[in-house]
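> Sharing a structure with you now.
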């Protein structure tokens, strides 16, 4: 699944900026694919630096210290690969490979303490818990806990099987929220730091057919923004941190014109570093929706929709300084960059798209420093 031959020569030394880790859904048979290390300049220019051949690495997350990367291998017998992040984010070195605990893992997140990794499995609806070792990698070959989410009764054309799509720790680390696209539920679990295990806390039932996919917490920890893949909607929720109670408060479309007949499936949701603007990708419309966050997080307004610069925008990420936004366009094999106006939140294209095979996730790592030339593959 992963090779220690991690370096592929690509481009010469580049201007100051930062690095991105870009995951690909491509299989092992595709040449020069895997986990890409991409350098971005302050002006938005993108250059591929290296590629580590990890097949179907569809989502990544870093530990709080920024030293260890975790990547899911989205296969029937899922895996989690632990990797060491190189200086200033330039390059990856494999550390360990562990079973993820389910089928088709599609998302993972790290507890705020760095002590555990939570993995959501689309294939069988499992949420798993994997402890980490003190030096960063997953500590064991098998998960410490596997939670199977229930099916729901058949009703018309609704999905019945569970499809866990995201595991999201609360900002204080006391709870883990797991979206289930297949049953229109959000399962909330209490996390016990001493045992490292989850216990069922409550379940939130959403409108049938909405397909909850990803969510993000407002910096105040009083609101949660939930992206629904099957209904192309955004749900603004209230979050009570002491009690772990989530309540849907308002729902908006992710599209400029909700009556547009073509199919559309939102994928990614991100907040600006200051919490004033929200960004969502629309797969089908192939746009990025820009929202203004109002009333200290209680409401949002759609400001604009911008072409993603490619086809099927699967994931987006903001640079740590909030000046750039990056978009992984899966079906057009391209990574695009946008300038972001911190005052208005609006996006404008920056530079040319970078050709990558089936990019599906993008994660900024390291600091904004010049990077040395890539060394040749041994």
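Here, each number is a calculation from the coordinates, and none is a lab measurement. Just so you know, these numbers come straight off a predicted model, no measurement behind them. Cβ sites come from the backbone with ideal geometry, for glycine too, and all protein chains shown count toward neighbours.
> Which FRET efficiency value, to the nearest 0.05, is calculated for residue 257 and residue 200 with the Förster distance at 45 angstrom and r the Cβ-Cβ distance? Show your work: numbers first, answer last.
Values: r = 40 Å, r/R0 = 0.89.
That gives a FRET efficiency of 0.65.
> In whole angstrom, how far apart do the alpha carbon centroids of the stretch 40-104 and the stretch 208-223 sit?
Taking the Cα centre of the stretch 208-223 as reference, the centre of the stretch 40-104 is 25 Å away.
> Now a separate question. Only counting other Cβ atoms within 10 Å, I'd like 247, 47, 352 sorted with the fewest neighbours first.
Ascending number of Cβ neighbours within 10 Å: 247, 352, 47.
> Which translational diffusion coefficient, to the nearest whole µm²/s, is obtained for the stretch 160-309 from the Stokes-Einstein equation, given a Kirkwood hydrodynamic radius over C-alpha pairs, 4 °C and 1.567 mPa s?
83 µm²/s
> What's the long-distance tail for the chain, i.e. % of Cα pairs beyond 29 Å?
For the chain, the share of Cα pairs beyond 29 Å comes to 38 percent.
> Further question on the same structure: Quick one: if you stick a label point 7 Å off each Cα along the C-beta vector at residue 352 and residue 292, how many nm between them?
Label-label distance for residue 352 and residue 292, simple model: 3.7 nm.
> Can you give the relative contact order of the chain as a percent, counting alpha carbon pairs under 8 Å and 6+ residues apart?
Values: 1182 pairs, mean separation 58.1, N = 378.
Normalised by residue count, the contact order of the chain is 15 percent.
> Further, regarding this structure: Expressed in nm to one decimal, what extension gain is obtained for the pair residue 190 and residue 241 from 0.36 nm per residue of sequence separation less their Cα-Cα distance? Write out the running numbers ahead of the final one.
Details: separation 51, 0.36 × 51 = 18.36 nm, distance 1.14 nm.
Fully extending the segment from residue 190 to residue 241 adds 17.2 nm.
> Provide the gained length on full extension for the span residue 141 to residue 30, in nm with one decimal, where the gain is 0.36 nm per separating residue minus the Cα-Cα distance.
37.2 nm
> Ordered by packing density, taken as the mean number of other Cβ atoms within 10 Å over each peptide's residues, highest first, how do 115-121, 186-192 rank? Spell out each step's value before the answer.
Numbers: 115-121: 26.9, 186-192: 20.3.
Listed from highest to lowest mean packing, they are 115-121, 186-192.
> Next up: Please report how far the C-alpha centroid of the stretch 296-346 lies from that of the stretch 144-166, rounded to the nearest whole angstrom.
The two parts, judged by their Cα centres, are 30 Å apart.
> Based on other C-beta atoms within 10 Å, arrange 74, 142, 251 from fewest to most. Mind dumping the intermediate values first?
Working: 74 24, 142 12, 251 16.
Ordered from fewest to most neighbouring Cβ atoms within 10 Å, 74, 142, 251 come out as 142, 251, 74.
> Classify the stretch 261-331: rounded, prolate or oblate, from the alpha-carbon gyration tensor (a ≥ b ≥ c, eigenvalue square roots; a/c under 1.5 rounded; otherwise prolate if a/b is larger than b/c)?
Here the stretch 261-331 falls in the oblate category.
> Running a GNM on the chain with Cα contacts under 10 Å, which residue among 342, 137, 313 ends up with the highest mean-square fluctuation?
It is 342.
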